[in-house]
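Every number here is computed from the coordinates shown, using simple stated rules; none is lab data. Just so it is clear, the structure is predicted and the values come from calculations on it, not from any experiment. Methodologically, a virtual Cβ is constructed for each residue, glycine included, from the backbone with ideal geometry; neighbour enumeration extends over all protein chains shown.
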Amino acid sequence: MRRGFIILHFLLIFFLFSINITSNSEDDSTHQKVNLKIVKIEELNELIKPPSEGMTILNLWATWCPPCVKEIPYFVEFYKRHHKKNIKIILLSIEGKESEETILKPFLTKNPIPFQVYLLEKGTPEELEKILKTELSGALPITLIYDKEGKIIKKVDGPISLEELEIATNTNSKS
């Protein structure tokens, strides 16, 4: 009887220990909300419209583009510093709707972004140029900063730094 009690006790401890290990070993990133919205090309006009008395920062990017991925933390830090101001940040992935489940959602789960990220469903470079009001070189990343009237005040073909974002938006302080 004593032997049965010891075995039962051992199984109970093992069971409780295994539950604790399972709950602690879950990856916290699986509980992160992925802020991803698919947009159609015709929705971009409204999306890039700056808030009143504010501006819009639009970044065209892709997960397969190393400079694009490298600059994402700069946009995240910029957002953390200035999210209470009238500055809209739009990260627009141009990878296409087919990349949503297999590429973009896993990427955003692993690299959480605290603001809405957009995925362009489809569109041609010519359609994008017309809506964005600028020529596109075809290289990524591209960052466009629009003033309150919707005019481009800064265009960066290639990676942008946090300092460049601060200077272009006149937000040089860490407010």
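Things to note:
- The equivalent ellipsoid of the stretch 29-168 has semi-axes of 21, 18, 15 Å, largest first, where each one is the square root of 5 times an eigenvalue of the Cα gyration tensor.
- Label positions at N35 and N86, each projected 7 Å from the Cα along the C-beta direction, are separated by 2.1 nm.
- Interchain or long-range residues, amide H under 5 Å from I38's placed H: L119
- Nonlocal amide H pairs with K154, under 5 Å, H built at 1.01 Å: I145
- Partner lysines whose Cα lies under 23 Å from the Cα of K133, excluding those fewer than 8 positions away in the same chain, are identified as K37, K40, K49, K88, K122, K148, K151, K154, K155.
- Residues S99, S93, sorted so that the one with the fewest Cβ neighbours within 10 Å comes first: S99, S93
- Point-to-point label distance, K130-K110, nm (Cα→Cβ direction, 7 Å offset): 3.7
- Farthest positive-ward along the stretch 29-168 dipole, Cα basis, beta-carbon charges - from I152, W64, P50: P50
- Taking label positions 7 Å along the Cα-Cβ direction at both I152 and E98, the computed distance is 2.9 nm, reported to one decimal.
- Hydrodynamic radius by Kirkwood, which averages 1/r over all alpha carbon pairs of the stretch 59-104, in angstrom: 11.7
- Per-pair calculated FRET efficiency, R0 = 35 Å: E43 and T171 via Cβ, rounded to 0.05: 0.80
- Using θ = phi - 60° and Karplus 6.51 cos²θ - 1.76 cosθ + 1.60, couplings along the stretch 41-47 (whole Hz; Gly, Pro as x): 4, 6, 8, 5, 3, 5, 5
- In this Cβ point-charge picture (+1 for Lys and Arg, -1 for Asp and Glu), the stretch 29-168 has a dipole of about 520 debye about its Cα centre.
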